[in-house]
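The values are calculated or read from the model by the stated rules, or taken from the named source; none is laboratory data. Given the structure is predicted, the values throughout are model-derived calculations rather than measurements. Methodologically, a virtual Cβ is constructed for each residue, glycine included, from the backbone with ideal geometry; neighbour enumeration extends over all protein chains shown. Ligands, DNA and RNA are stripped out before the accessible areas are found, and what is left, the full protein with its side chains, is counted by its heavy atoms. Shrake-Rupley method; radii C 1.70, N 1.55, O 1.52, S 1.80 Å.
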Amino acid sequence: DSMAQGRRLKCSLCTKVLKKIQALAGDDPDESAVQAALKKGCRALGRSVGKKCQKLVSKYQEQISEGLQNGDLPQDICAAIGICRS
């Protein structure tokens, strides 16, 4: 059904976004590295995905930032904020 499809799309988008941000933030990032990566990451994904990325990032910035600083996997962070099924 379309609801599940929408969720799946969001899940893959979330993991894609976080992988990009994680790569930009580098290994063992601090908060400022994560913040800079959050800004750059969405721009790097192009305009249409970038808009969704911005929305995701602004809504879950705290959890994303914390997860990345803890070294959590993108999939796990997306599951933690309820976008992916764990």
With Cα coordinates, the longest principal axis of the chain makes an angle with the long axis of helix 2-25, in degrees rounded to 10, of 10 degrees
Quick one: accessible area per residue over the chain, 1.4 Å probe, rounded to a whole number of Å²? 65 Å²
Per the helix-only model, the chain has a calculated mean residue ellipticity at 222 nm (DSSP H runs of ≥4, -39500 (n - 2.57) each, divided over all residues, rounded to the nearest 500) of -26500 deg cm²/dmol
Accessible surface of SER32 in the full protein assembly, 1.4 angstrom probe, to the nearest 10 Å²? 80 Å²
Whole-Å semi-axes of the ellipsoid equivalent to the range 1-81 (Cα gyration tensor, √5λ, descending): 20, 14, 10
Quick one: pull the percent of accessible area on the chain belonging to carbon and sulfur, 1.4 Å probe, ligands and nucleic acids left out. 48 percent
Report, in degrees rounded to the nearest 10, the 0 to 90 angle that the Cα long axis of helix 47-69 makes with the longest principal axis of the chain. 60 degrees
Which value in nm describes the separation of the simple spin-label points at GLN63 and ALA44, placed 7 Å from the Cα toward the beta carbon? 2.3 nm
